[in-house]
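The values are calculated or read from the model by the stated rules, or taken from the named source; none is laboratory data. Predicted model, so just to flag it, every value in this text is computed and none were measured. Neighbour counts are summed over all protein chains in view; Cβ atoms, including those assigned to glycine, are modelled from backbone coordinates with ideal geometry. These accessible areas exclude ligands, DNA and RNA; they are computed on the full protein's heavy atoms, side chains included. Shrake-Rupley method; radii C 1.70, N 1.55, O 1.52, S 1.80 Å.
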Amino acid sequence: MTKILVIGATGSVGRHVVASLAEGGHEVRALVRDPAKAVLPAGVEAVRGDLTDPASLEPALAGGVEAVYLMWPGLPVQPRVVELIARHAQRVVYLSADVPDLADDEPAVIFHQEIERLIRHSGLRWTFVRAIDFAGNLLAWADQVRDGVVRWPYGRARRSLVHERDIADVAVRALTEDGHDGAAYVVTGPESLAHAELAGIIGEELGLAVRWEELPPETARERLTAAWGNAAFVAARLRAWESFTHEPERVTDTVRQVLGRPPRDVRSWVRDHAADFR
């Protein structure tokens, strides 16, 4: 079986990657900041490391690691990390976003593009798992759901949110099977649903009365900027949501093609996370 290093092992996707690999009998190393505090499946080796300190990855990559799952948590890009992975491993699966390919001389708009370009030129066998927004982002509504009213902008914005377990399952296939080299898989949920519909589905699955209240975009801009601390990111999100009121977020058949089954739907995700809302 393949020896695999999981970077981002305790994240919403990475923890499922770790569990699936361990269940499949693979030798798994999990990169964590504090091995003593990491909660991992039996048999998984916790190793200390930090992406902001590339040299700390050397021990984690040494000793026969063949493949790496890479999640980059929005930190400044460290090209040295990709160089080290290429020195030790043969394959990398990178959890990216739904971004377009860039030419070598074209400036990156978002860090995912920069990392993808580094990987392309690394000599590694690579697969990009370009995930649409996670269904997990709906947890931002948890307090409002409990109060019975979701106040958010663009209730008609149609989203194809994806279950984190589907992202993990696609990543595991790419880590452990041949035939995925050079693929850029855009992973989505099975359908596009409006924000207001999503709020209703959450209420139905939780057995709560939840109604939608449209929040004016400028009010949302102020509140989200205060909450998230990044005005440019908030502006980009609002533009995207507004665009989805005219053209729904796209839906792909990637999950079916790679896994041979349909993707999990939003209702399934809500049931899996019911405790997080309550």
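The set of residues in region 61-78 being open to solvent by 10 Å² or more (accessible area, probe 1.4 Å) and modelled with pLDDT of 95 or more consists of Glu66, Met71. The condition (being on the phi < 0 side of the Ramachandran plot and at pLDDT 95 or above) is satisfied by just one residue among Arg33, Arg15: Arg15. Taking the criterion of being within 23 Å of Thr188 (Cα to Cα), touching a residue at least 24 places away in the same chain (Cβ under 8 Å) and part of a helix (DSSP H, G or I), the residues of region 120-150 that qualify are Ala135, Gly136, Asn137, Leu138, Leu139, Trp141, Ala142. Would you confirm whether any residue within region 175-188 is within 30 Å of Gly123 (Cβ to Cβ), hydrophobic (A, V, I, L, M, F, W, C), out of contact with any Asp or Glu (no Cβ under 7 Å at 6 or more places or on another chain) and in contact (Cβ under 8 Å) with a residue 60 or more places away in the chain? Yes, the conditions are met somewhere in region 175-188. In region 99-113, the condition of being touching a residue at least 60 places away in the same chain (Cβ under 8 Å), assigned to a loop (DSSP other than H, G, I, E, B) and loosely packed, with under 14 Cβ neighbours inside 10 Å is met by at least one residue. Among residues of region 1-12 being open to solvent by 30 Å² or more (accessible area, probe 1.4 Å) and closer than 24 Å to His163 by Cα, the one that is modelled with the highest pLDDT is Ser12. For region 22-60, a residue qualifies if it is in a loop (DSSP other than H, G, I, E, B), open to solvent by less than 70 Å² (accessible area, probe 1.4 Å) and either of a type in the set (A, V, I, L, M) or touching a residue at least 40 places away in the same chain (Cβ under 8 Å) (or both), and the qualifying residues are Gly24, His26, Ala38, Leu40, Val44, Gly49, Leu51. Of the helices (runs of 4 or more DSSP H) contained entirely in region 160-249, those carrying at least 3 residues that are more than 26 Å from Glu66 (Cβ to Cβ) fall at 195-206, 217-228, 231-244. Being modelled with pLDDT of 95 or more and touching an Asp or Glu at 6+ places or on another chain (Cβ under 8 Å) holds for only one residue in Arg256, Arg264, and it is Arg264. Of note, Arg91 satisfies the criterion of being more than 30 Å from Ser268 (Cα to Cα), in contact (Cβ under 8 Å) with a residue 40 or more places away in the chain and either touching a Phe, Trp or Tyr at 6+ places or on another chain (Cβ under 6 Å) or crowded, with 17+ Cβ neighbours inside 10 Å (or both). Leu224 fulfils the conditions (1) crowded, with 19+ Cβ neighbours inside 10 Å; (2) touching a helix residue (DSSP H, G or I) at 6+ places or on another chain (Cβ under 6 Å); (3) in contact (Cβ under 8 Å) with a residue 40 or more places away in the chain; (4) farther than 22 Å from Ile167 by Cα except for a single criterion, (3). Quick check on my filter: what residues within region 246-277 are without any contact (Cβ under 8 Å) to a residue 12 or more places away in the chain and of a type in the set (A, V, I, L, M)? Hit for region 246-277 is Ala275, nothing else.
For Arg165, the stated conditions hold: it is open to solvent by 50 Å² or more (accessible area, probe 1.4 Å), among the basic types (Lys, Arg) and out of contact with any Pro (no Cβ under 9 Å at 6 or more places or on another chain).
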